Amino acid sequence: MCGIFGVVGQEKNAAQKVLAGLKRLEYRGYDSWGIAVKKNNGLIRERHVGKIGGAVTKLPASTIGLGHTRWATHGGVTEGNAHPHFDCNQKLCLVHNGIVENFLELKAKLTGHKFLSQTDTEVALHLFESVGLMAGFKQVVGMNAFILLDSANDQLLAVKNGSPLIIGLGKNANYIASDVWALLDHTNQVIFLEDGQAVKITQAKVEVTEAKSGKIIKPKITTLNWQAEQSRLGKFHHYMEKEIYDQPKVLDNLSRLSPPAIKPSSKTFILGCGTASYAALFADYLFDLSGMDVEAVVGSEFQKYQQLLKPNQAMILFSQSGETIDVVEAVNLAKAKGLRIIGITNVLGSTLYRKSDQKILLGAGQEVAVASTKAFTAMLAVGLLLNKKPLQNVAASVRRLLDGPTRNQVKQLATKLKDREHIFVVGRGQDYPIALEAALKIKEVSYIHAEAYAAGEIKHGPIALIENGTPCLVFGNATNAAYEMKARGGLIIGIGYIPDKVFDNYFPVADLAEASAIPMIVIAQLLAYDLAVARGLNPDKPRNLAKSVTVK
Ligand code: F6R
């Protein structure tokens, strides 16, 4: 949520580098953006409302700069609320990721300052202007990351608690960003800053300190083996489409892994948020059926278990980004109570990765589209592996769907459904989380209201909404519900490996036992994508959303 990027180098192309970095980070927030550079001991900035798109910058040549792409929390989407913010004397500027929870309290004490925006960020900046970054940071409550540029120096200062900050060690330049993907164009040598750490970055040196004491820390340098090319669009129209097509390769790689084993524990909680929570629920069905005491919980509701947590329990977390705040808070709570943490994430070095006792990487490559696709199927695959279910033939079956006649059949269905207001989705057993994910994908990118139910629940109320022609997606073996909906006029679209005469449209997938969930959801991903495109929308950047939800 919000992307921040800074650079200090030898070359005078800071503004261009920051702009390129922000373009990489835009999926974290895209309602407005801004850049500031240092020029002759002063600061010059540009700020804009809207997506960055193909923007170019006219800021003057400079060796040092920072920028921000925003997902608004405090204050509307206006140029004045966009970052970077300036202090009263236009000598300091700040970009910020997170929420200053006590900003009203702090603002009340900051007499004599001129406030020009409605943001919590500007309050933090005036506080830093009064007492300095480190002293001010101690007064800030919340999960935050700040980067400060003081026009009096050729350095960037940054400090963090909760929100991610990664330093990139480049050639003749050093970088800092809220996301490791933004650094890959420049370097694969990175330092993941820990909570409570601060950093001073110059062109020649990076000095990490403990924010509270100022004690110098020797940071761990991580060498990444990722390539920036992984995230280029290639022949595809959108990242969502590209990422759907990346899936056979990701699944192929996962199928070669030796199945990770989890140490037994008295009880295991399994968590995620949004799409990842459905992957957790899918794995939960498999664990429960194998007799393991596992309970699926959405990350944001985990706090209610605090009295029930014991050191002989474990927690499995799914998170593409490894930074989702509700996931991080659940981990913090569970760790404090002594639970063993098993983190399943796509981002090496992410907060979840660092906090986990057992780490499992999804290996899906960068997911740029806001709506998760390949990370979700990778999570399903890991859930299957943890339950000793084979992944053979899964990648091949997905490849067949993408390269065969199914692709066009889904497009035709999207053309037929594109003007519908509602779509109902049902699944039974481990196909129920797949139905939930299908409905989420459709609403996120096409804005069509899609609602998922456990197949057995449809007759307990939702069936009242089925009218002549209402589209109903039916996953797997949920034919009773299909017949019930058909009897009320529903247009029944079957996705599974058992054909039935109840289906008006049928998308067959290979019979891979529990693993059939993967090809089934791929069909729904394609449908969501095609619906968005057919409705003239950009599926990569749905309204109101941002990838990596790092605020509560
Ligand atoms: C939906 C989507 C979100 C994320 C959720 C958790 O397409 O992407 O629902 O799944 O915000 O994100 P991660 O997996 O990064 O924790």
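State the number of residues belonging to the range 6-23 that are crowded, with 24+ Cβ neighbours inside 10 Å, over 21 Å from V77 (Cβ atoms) and in contact with a Ser or Thr (Cβ under 9 Å, 6 or more places away or on another chain).
Final tally of qualifying residues: 4.
Looking at the range 269-278, can you tell me whether even one residue there is within 30 Å of R399 (Cα to Cα), among the polar types (S, T, N, Q) and either buried (at least 23 other Cβ atoms within 10 Å of the Cβ) or within 16 Å of the ligand (Cβ to nearest atom) (or both)?
Filtering the range 269-278 down to residues within 30 Å of R399 (Cα to Cα) leaves 270-278.
Right, trim to among the polar types (S, T, N, Q) and you get 275, 277.
Now drop any that are not either buried (at least 23 other Cβ atoms within 10 Å of the Cβ) or within 16 Å of the ligand (Cβ to nearest atom) (or both), which leaves 275, 277.
Scanning the range 269-278, I find at least one residue that is within 30 Å of R399 (Cα to Cα), among the polar types (S, T, N, Q) and either buried (at least 23 other Cβ atoms within 10 Å of the Cβ) or within 16 Å of the ligand (Cβ to nearest atom) (or both), so the answer is yes.
Show the residue pairs that are 6+ apart or on different chains and have beta-carbon atoms under 7 Å apart, the first residue being within the range 435-462 and farther than 23 Å from A375 by Cα, the second being polar (S, T, N, Q) and surrounded by fewer than 22 Cβ atoms within 10 Å (Cβ to Cβ).
Note: pairs meeting the criteria are A455/N480.
Run E295 past the list (1) more than 16 Å from the ligand (Cβ to nearest atom); (2) crowded, with 22+ Cβ neighbours inside 10 Å and report the number of the one that doesn't hold.
(2)
Name the residues in the range 340-361 that are more than 13 Å from the ligand (Cβ to nearest atom) and out of contact with any Asp or Glu (no Cβ under 9 Å at 6 or more places or on another chain), would you?
Scanning the range 340-361 gives L348, G349, K355, S356, D357, Q358, K359, I360, L361.
What residue, of K374, K389, K416, is more than 26 Å from the chain's Cα centre (by Cα) and either more than 20 Å from Y497 (Cα to Cα) or crowded, with 24+ Cβ neighbours inside 10 Å (or both)?
Residue meeting the stated conditions: K416.
Take L465 and decide whether it is buried (at least 19 other Cβ atoms within 10 Å of the Cβ) and in contact (Cβ under 8 Å) with a residue 24 or more places away in the chain.
No: the conditions fail for L465.
Does the range 299-314 hold any residues that are surrounded by 18 or more Cβ atoms within 10 Å (Cβ to Cβ) and within 16 Å of the ligand (Cβ to nearest atom), and which are they?
G299, S300, F302
Pull up the range 525-543, narrow it to residues that are at pLDDT 95 or above and within 11 Å of the ligand (Cβ to nearest atom), then point me to the one that is nearest to F424 (Cα to Cα).
A528
Among (1) within 14 Å of the ligand (Cβ to nearest atom); (2) small (G, A, S); (3) assigned by TED's automatic domain parsing to the domain that holds K443, where does A546 come up short?
Against the list (1) within 14 Å of the ligand (Cβ to nearest atom); (2) small (G, A, S); (3) assigned by TED's automatic domain parsing to the domain that holds K443, A546 comes up short only on (3).
Test A371 against the criterion of being among the aliphatic types (A, V, I, L, M), part of a loop (DSSP other than H, G, I, E, B) and either within 16 Å of the ligand (Cβ to nearest atom) or within 16 Å of P248 (Cβ to Cβ) (or both), and give yes or no.
yes
Would you mind finding the one in L333, L352, L286 that is under 21 Å from G98 (Cβ atoms) and over 19 Å from the mean Cα position of the chain (by Cα)? Talk me through it step by step, then tell me what you get.
Details: L352 fails: over 19 Å from the mean Cα position of the chain (by Cα); L286 fails: under 21 Å from G98 (Cβ atoms).
Criteria check complete, one pass: L333.
So which residues in the range 392-411 are over 22 Å from A435 (Cβ atoms) and at pLDDT 95 or above, if there are any at all?
Of everything in the range 392-411, those that are over 22 Å from A435 (Cβ atoms) and at pLDDT 95 or above turn out to be N393, A395, A396, R399, R400, D403, G404, P405, N408.
Of the conditions (1) out of contact with any helix residue (DSSP H, G or I) (no Cβ under 7 Å at 6 or more places or on another chain); (2) surrounded by 24 or more Cβ atoms within 10 Å (Cβ to Cβ), N544 fails just one. Which one is it?
Failed condition: (2).
Among the numbered conditions (1) surrounded by 24 or more Cβ atoms within 10 Å (Cβ to Cβ); (2) of a type in the set (A, V, I, L, M); (3) near the ligand (Cβ under 10 Å from one of its atoms), tell me where A364 comes up short.
Every condition holds for A364 apart from (3).
Among the residues of the range 270-301, write down those that are touching a Phe, Trp or Tyr at 6+ places or on another chain (Cβ under 9 Å) and farther than 18 Å from M379 by Cβ.
Once the filter is applied, which keeps residues that are touching a Phe, Trp or Tyr at 6+ places or on another chain (Cβ under 9 Å) and farther than 18 Å from M379 by Cβ, the range 270-301 yields only D293.
Among (1) in contact with an Asp or Glu (Cβ under 9 Å, 6 or more places away or on another chain); (2) farther than 20 Å from G6 by Cα; (3) modelled with pLDDT of 95 or more, there is one condition K215 misses while meeting the rest; what is its number?
(1)
Which condition does T222 not pass, out of (1) within 30 Å of P433 (Cα to Cα); (2) touching a Phe, Trp or Tyr at 6+ places or on another chain (Cβ under 9 Å); (3) not small (G, A, S), if it passes all the others?
For T222, the failing item is (1).
The values are calculated or read from the model by the stated rules, or taken from the named source; none is laboratory data. Computed from a predicted structure; not experimentally measured. FYI the Cβ positions are ideal-geometry reconstructions off the backbone, even for glycines, and counts take in every protein chain you see.
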